[in-house]
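Asks: Before I ask anything, here is the structure I am working with.
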Amino acid sequence: MRRTLSLLRIALRNVLRNRRRTLITLAALLVGVSVMVSVRGVLNGLQSALVENVVKGQTGALQVHRKGYRQNVLASPLTLDFESEPIAEKARAVPGVQAVAPRIAFGGMLAVGDETIFLFNQAIDPAAELKVCPKRGAAMHDAGKFFGAGGIEQVADAVLVTGELEKALRPAMAKTKDPAALLAPDRDGALSGENATIVGKVDLSGPGDRKLGIVRLDVAQRLLKMEGRVTELAVAVDDLSRLEQTKAALQQALGEGYEVHTWEEIASFVVDIRNMQNALLSLVAAVFMLLMLLGVANTMLMSVLDRTREIGTMMAVGVRRQTIVALFLMEAGFIGALGGSLGGALGWGLSSWLSADGISLRLPTSDVPYVIHPFVPVQYLAAVVAIAATGAVLFALYPAWRASRLRPVEALAGG
Amino acid sequence: MALLQLRGIEKSYELGKTVVTALRGVDLEVEAGEFTVVMGPSGSGKTTLLNIIGCLDRPTGGSYVLDGEAIGDRDFNDLADIRNRKIGFIFQNFNLIPVLSVRENIEFPCVIRGEGGAELNQRVEAIARDVGLTDFLHHKPDELSGGQRQRVAIARALVTGPQLVLADEPTANLDSKTSDQIIDLMLALNRDKGVTFLFSTHDPRVMEHARRVVSIHDGVIVDGTAAAAADVARMHGAGTSFLLPYDAAERR
Ligand SMILES: Nc1ncnc2c1ncn2[C@@H]1O[C@H](COP(=O)(O)OP(=O)(O)OP(=O)(O)O)[C@@H](O)[C@H]1O
Ligand SMILES: [Mg+2]
């Protein structure tokens, strides 16, 4: 113990001894680690914004369907529907569930004058929807008449369409004074129609159907002959980190005839993007780390060459081989831990500084601007410091071994 | 029994195709408490001999018994332990550890075997007093003069209470006045504390004090008295400049 302590003290002094060399190595670690940590922080912010936009702007945290619906989701089968209110009631009673929004997804056509366009529709209850997906509003333009927000009177047959659809329909809309018509096969397969007023635009918050219409739930239920019935419940939860538990409880409460899915299962592209980004960053981080640690190894090797006679002296007075190894490993460990900590602190600082104002950016898959607030979990910082320190020790193994294999006579003669 | 027994010690170096023989059959015995000086011209094998006696190097032939222990084919760590327990080293270029203070340098051989505490502190202080370093215990080596550094090295060689202290030209990097002081110090330690010194030098003044002079020529020990006298005569004749090889590079 006493021996280890005094070795540690010698190691620390040796690290401080060749100031310039230590500083260069530390600077390399500092830059590498801080870049790594702050990039990780930005990516964390981006990913959590991505998740939030999807969960609070599109899917909800959980979705409830009739059993077998997801398997057939591309057909959006209306026959796999259910009585909305009793199921919503049951869902709201489940602990962890915050709010529930009823929806119908259906394919149909929008006819304006002599122009008819196929589109995919989502029917939502505006008030309930905003409780589950509060970010939806931000993606919708001139949507006052749809939501009845801001003192604007709600239009009963209001429809919002994507920018692409709006552009395609604009010439036809200019030519005719007649209201548009929403046409769709109803639950029994018979073609049915309702008047529709295009009141605004909706932005896409992720990759998905570019030909999308947002319709009020009551209009859709009339059109589809599905009074009181829906195909989907979107569910908001109290705590996203307890998603799996809430999912299980909800499934339990609703029973065999229903299926519950998480946003991760529904918007799997978000998970894919996230995994890809993480893999890429890990690769870059590994290469960075490797280069930094090679720098440490080089420093240690130079140190061994510089201190050959000192190593010979230590051997002469009776220091054993493994003690020489330990001394150099300790020195590398100090450099790694110090560089890792300083770099981690700087990266954390950088990430927090960026987070204060947030970074605005637009993703190619989304019309909605993202504001990113970078953050770095403490566990990540601890892991980075631990990896830098243990990595430095590992990479110092060769120089330390070289030092310990010196022959005393030759080392004393100066190598 | 003698403290040191060397029988037919040989050492040769292979340099590519040629073989350089540094020692060719050295027989030597040293008794505990002796103050022995090894003399010989440059390249005669003094350093090689001291390195073998100090268990820093292995002979290529012959046998060596130190304090009743045969130093045969022991591994590195065994030899390190023998050096630590039984042998003190004093080097021509001091070889102190620069990051350690005088106190830490002196106690280093004890610390690496796990000693410490008040007992060690007292021992270090006593030795520092013996070598005249009491006021310098907290200094770093680069704050000391050459003579003071060599005193630290002497204290470090003595701290473990070794059976044998080896000094290979310990005064070669010191001016003549400091050399005299260092030699006086070692003689006093030999006389008062019974420390066994084996010590190589070019310096004929040492001879005047040495109880015993061993002369080595071309890798063999030559007849004690006659050859030594010849060496002394030759060196006196060579004048003082020859007596003080000065390695500027070591003096940084
Ligand atoms: N590592 C080595 N490789 C090859 N030859 C060596 C080596 N070390 C010593 N020698 C040779 O061995 C012989 C004895 O050398 P040694 O250093 O023991 O002499 P020395 O008496 O100490 O000389 P000096 O008074 O100059 O220090 C010399 O011929 C030298 O060239
Ligand atoms: Mg020599």
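Asks: For the range A:1-51, which residues satisfy the criterion of being more than 14 Å from chain B (Cβ to nearest Cβ), of a type outside the set (A, V, I, L, M) and buried (at least 16 other Cβ atoms within 10 Å of the Cβ)? Show your work before the answer.
Replies: Residues of the range A:1-51 that are more than 14 Å from chain B (Cβ to nearest Cβ), as a first pass: A:20-21, A:23-51.
If we keep only those that are of a type outside the set (A, V, I, L, M) too, we end up with A:20-21, A:25, A:32, A:34, A:38, A:40-41, A:44-45, A:47-48.
Across the range A:1-51, the qualifying residues are A:R21, A:T25, A:G32, A:S34, A:S38, A:R40, A:G41, A:N44, A:G45, A:Q47, A:S48.
Asks: Here's something else I'd like to know. Would you please list the contacts, defined by Cβ atoms under 8 Å and residues six or more apart or on different chains, that run from a residue in the range B:39-64 that is more than 13 Å from B:L4 (Cα to Cα) and within 14 Å of chain A (Cβ to nearest Cβ) to a residue that is of a type in the set (G, A, S) and away from ligand 2 (no atom under 16 Å from the Cβ)?
Replies: Here the result reads B:T60/B:S12, each pair linking the range B:39-64 to a residue that is of a type in the set (G, A, S) and away from ligand 2 (no atom under 16 Å from the Cβ).
Asks: Restricting to the range B:13-61, and then to whatever is outside any strand (DSSP E or B) and β-branched (V, I, T), can you tell me which residue is nearest to ligand 2 (Cβ to nearest atom)?
Replies: Taking the range B:13-61 as the starting set, the residues that turn out to be outside any strand (DSSP E or B) are B:16-17, B:31-34, B:40-60.
From what is left, the residues that are β-branched (V, I, T) are B:47-48, B:52-53, B:60.
Details: B:T47: 3, B:T48: 8, B:I52: 13, B:I53: 13, B:T60: 18 Å.
Within the range B:13-61, the match that is nearest to ligand 2 (Cβ to nearest atom) is B:T47.
Asks: Test each condition in (1) in contact with a strand residue (DSSP E or B) (Cβ under 6 Å, 6 or more places away or on another chain); (2) within 14 Å of ligand 1 (Cβ to nearest atom) for B:G16 and report the one that comes out false.
Replies: Here B:G16 clears every test but (1).
Asks: Sticking with this one: Residue by residue through the range B:143-174, note down the ones that are buried (at least 20 other Cβ atoms within 10 Å of the Cβ), hydroxyl-bearing (S, T, Y) and out of contact with any strand residue (DSSP E or B) (no Cβ under 9 Å at 6 or more places or on another chain).
Replies: Answer for the range B:143-174, where residues must be buried (at least 20 other Cβ atoms within 10 Å of the Cβ), hydroxyl-bearing (S, T, Y) and out of contact with any strand residue (DSSP E or B) (no Cβ under 9 Å at 6 or more places or on another chain): just B:T171.
Asks: Do we have any residue at all in the range A:356-378 that's more than 14 Å from chain B (Cβ to nearest Cβ), closer than 22 Å to A:L12 by Cβ and crowded, with 18+ Cβ neighbours inside 10 Å? Reasoning before the result, please.
Replies: Here is the first cut: in the range A:356-378, the residues more than 14 Å from chain B (Cβ to nearest Cβ) are A:356-378.
Keeping just the survivors that are closer than 22 Å to A:L12 by Cβ gives none.
There is no residue in the range A:356-378 that is more than 14 Å from chain B (Cβ to nearest Cβ), closer than 22 Å to A:L12 by Cβ and crowded, with 18+ Cβ neighbours inside 10 Å.
Asks: What single numbered condition from (1) within 30 Å of B:I87 (Cβ to Cβ); (2) in contact (Cβ under 8 Å) with a residue 40 or more places away in the chain fails to hold for A:I359?
Replies: (1)
Asks: Any chance the range B:79-89 includes a residue that's within 16 Å of ligand 2 (Cβ to nearest atom), of a type outside the set (G, A, S) and within 12 Å of chain A (Cβ to nearest Cβ)?
Replies: First, pick out the residues of the range B:79-89 that are within 16 Å of ligand 2 (Cβ to nearest atom): B:89.
When the remaining residues are screened for being of a type outside the set (G, A, S), the result is B:89.
If we keep only those that are within 12 Å of chain A (Cβ to nearest Cβ) too, we end up with B:89.
For the range B:79-89, residues within 16 Å of ligand 2 (Cβ to nearest atom), of a type outside the set (G, A, S) and within 12 Å of chain A (Cβ to nearest Cβ): present.
Asks: Mind checking which residues of the range B:66-78 are more than 8 Å from chain A (Cβ to nearest Cβ) and open to solvent by 20 Å² or more (accessible area, probe 1.4 Å)? Show your work before the answer.
Replies: Just the residues of the range B:66-78 that are more than 8 Å from chain A (Cβ to nearest Cβ), to begin with: B:66-75, B:78.
Within the range B:66-78, B:D67, B:G68, B:E69, B:A70, B:I71, B:G72, B:D73, B:R74, B:D75, B:D78 meet the criteria.
Asks: Kindly evaluate B:I52 against the criterion of being within 16 Å of ligand 1 (Cβ to nearest atom), within 19 Å of A:G318 (Cβ to Cβ) and touching a Leu at 6+ places or on another chain (Cβ under 8 Å).
Replies: Details: within 16 Å of ligand 1 (Cβ to nearest atom): yes; within 19 Å of A:G318 (Cβ to Cβ): yes; touching a Leu at 6+ places or on another chain (Cβ under 8 Å): yes.
Against the criterion (within 16 Å of ligand 1 (Cβ to nearest atom), within 19 Å of A:G318 (Cβ to Cβ) and touching a Leu at 6+ places or on another chain (Cβ under 8 Å)), B:I52 qualifies.
Asks: When B:R129 is evaluated against the numbered criteria (1) buried (at least 16 other Cβ atoms within 10 Å of the Cβ); (2) more than 11 Å from chain A (Cβ to nearest Cβ), which criterion, by number, is the only one it fails?
Replies: (1)
Asks: Further question on the same structure: Check the range A:327-339 and report whether any residue there is within 14 Å of chain B (Cβ to nearest Cβ), under 24 Å from B:N84 (Cα atoms) and outside any helix (DSSP H, G or I).
Replies: No, the range A:327-339 has no match at all.
Here is a yes/no grid of residues against (1) open to solvent by 20 Å² or more (accessible area, probe 1.4 Å); (2) in contact (Cβ under 8 Å) with a residue 40 or more places away in the chain; (3) within 14 Å of another protein chain (Cβ to nearest Cβ); (4) under 34 Å from the mean Cα position of the chain (by Cα):
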residue	(1), (2), (3), (4)
A:H261	yes, yes, no, yes
A:S282	yes, no, no, yes
A:T299	no, yes, no, no
A:M315	no, yes, yes, no
A:I324	no, yes, yes, no
A:L350	yes, yes, no, yes
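Asks: Which one is farthest from ligand 2 (Cβ to nearest atom), of the residues in the range A:398-415 that are open to solvent by 80 Å² or more (accessible area, probe 1.4 Å) and in a helix (DSSP H, G or I)?
Replies: Out of the qualifying residues, it is A:Y398.
Asks: Working carefully through the options A:L165, A:L169, find the one that is among the aliphatic types (A, V, I, L, M) and touching a Lys or Arg at 6+ places or on another chain (Cβ under 7 Å). I'd like the intermediate steps shown before the answer.
Replies: Working: A:L169 fails: touching a Lys or Arg at 6+ places or on another chain (Cβ under 7 Å).
Only one candidate passes the filter, namely A:L165.
Asks: Looking at B:G117, B:G72, which is the one that is at positive phi and at pLDDT below 95?
Replies: Details: B:G72 fails: at positive phi.
It is B:G117.
Asks: Just wondering, is there one or more residues in the range B:3-12 that are under 20 Å from B:T160 (Cα atoms), away from ligand 1 (no atom under 12 Å from the Cβ), surrounded by 15 or more Cβ atoms within 10 Å (Cβ to Cβ) and more than 13 Å from chain A (Cβ to nearest Cβ)?
Replies: Step one: filter the range B:3-12 for residues under 20 Å from B:T160 (Cα atoms), giving B:3-4.
Now restrict to residues that are away from ligand 1 (no atom under 12 Å from the Cβ): B:3-4.
Checking which are surrounded by 15 or more Cβ atoms within 10 Å (Cβ to Cβ) leaves us with B:3-4.
Filter once more, keeping what is more than 13 Å from chain A (Cβ to nearest Cβ): B:3-4.
Yes - at least one qualifying residue is present in the range B:3-12.
Asks: Next question. Among B:T171, B:T178, which is the only one that is at pLDDT below 95 and within 16 Å of ligand 2 (Cβ to nearest atom)?
Replies: Numbers: B:T178 fails: within 16 Å of ligand 2 (Cβ to nearest atom).
From the options B:T171, B:T178, the qualifying one is B:T171.
Asks: From B:F35, B:F76, grab the single residue that is of a type in the set (F, W, Y) and in contact with a strand residue (DSSP E or B) (Cβ under 6 Å, 6 or more places away or on another chain). Let's see the steps before the verdict.
Replies: On the way: B:F76 fails: in contact with a strand residue (DSSP E or B) (Cβ under 6 Å, 6 or more places away or on another chain).
Among B:F35, B:F76, only B:F35 is of a type in the set (F, W, Y) and in contact with a strand residue (DSSP E or B) (Cβ under 6 Å, 6 or more places away or on another chain).
Asks: Within the range A:301-312, identify whether any single residue is farther than 18 Å from A:S84 by Cβ, within 14 Å of another protein chain (Cβ to nearest Cβ) and touching a Pro at 6+ places or on another chain (Cβ under 6 Å), and answer yes or no. Talk me through it step by step, then tell me what you get.
Replies: Applying the first criterion (farther than 18 Å from A:S84 by Cβ) to the range A:301-312 yields A:301-312.
Going one step further and asking which of them are within 14 Å of another protein chain (Cβ to nearest Cβ), we end up with A:303, A:306-312.
Remaining after also requiring touching a Pro at 6+ places or on another chain (Cβ under 6 Å): A:312.
Within the range A:301-312, one or more residues are farther than 18 Å from A:S84 by Cβ, within 14 Å of another protein chain (Cβ to nearest Cβ) and touching a Pro at 6+ places or on another chain (Cβ under 6 Å).
Asks: Please specify each residue of the range A:213-263 satisfying the condition of being among the hydroxyl-bearing types (S, T, Y) and modelled with pLDDT under 95.
Replies: So in the range A:213-263, the residues among the hydroxyl-bearing types (S, T, Y) come out as A:231, A:241, A:246, A:258, A:262.
Result: A:S241, single match.
Asks: If A:G391 meets every condition in (1) surrounded by fewer than 18 Cβ atoms within 10 Å (Cβ to Cβ); (2) touching a residue at least 40 places away in the same chain (Cβ under 8 Å); (3) not hydrophobic (A, V, I, L, M, F, W, C) apart from one, which number is that one?
Replies: If we test A:G391 against (1) surrounded by fewer than 18 Cβ atoms within 10 Å (Cβ to Cβ); (2) touching a residue at least 40 places away in the same chain (Cβ under 8 Å); (3) not hydrophobic (A, V, I, L, M, F, W, C), just (1) comes out false.
Asks: Can you name the residue in the range B:25-39 that is more than 15 Å from the chain's Cα centre (by Cα) and buried (at least 16 other Cβ atoms within 10 Å of the Cβ) and is also nearest to ligand 1 (Cβ to nearest atom) among such residues?
Replies: Applying the filter and picking the extreme gives B:V26.
Asks: Is at least one residue of the range B:116-125 within 16 Å of ligand 2 (Cβ to nearest atom), touching a residue at least 12 places away in the same chain (Cβ under 8 Å) and within 30 Å of B:L4 (Cα to Cα)? It would help to see each step written out before you state the result.
Replies: Keep residues of the range B:116-125 that are within 16 Å of ligand 2 (Cβ to nearest atom), which gives none.
There is no residue in the range B:116-125 that is within 16 Å of ligand 2 (Cβ to nearest atom), touching a residue at least 12 places away in the same chain (Cβ under 8 Å) and within 30 Å of B:L4 (Cα to Cα).
The values are calculated or read from the model by the stated rules, or taken from the named source; none is laboratory data. From a predicted model like this one, the values you see are computed outputs, not experimental measurements. Don't worry about glycine lacking a Cβ; one is built from the backbone with ideal geometry, like all the others, and counts go over all protein chains shown. Surface areas here come from the heavy atoms of the whole protein model, side chains and all, with no ligands, DNA or RNA. Shrake-Rupley method; radii C 1.70, N 1.55, O 1.52, S 1.80 Å.
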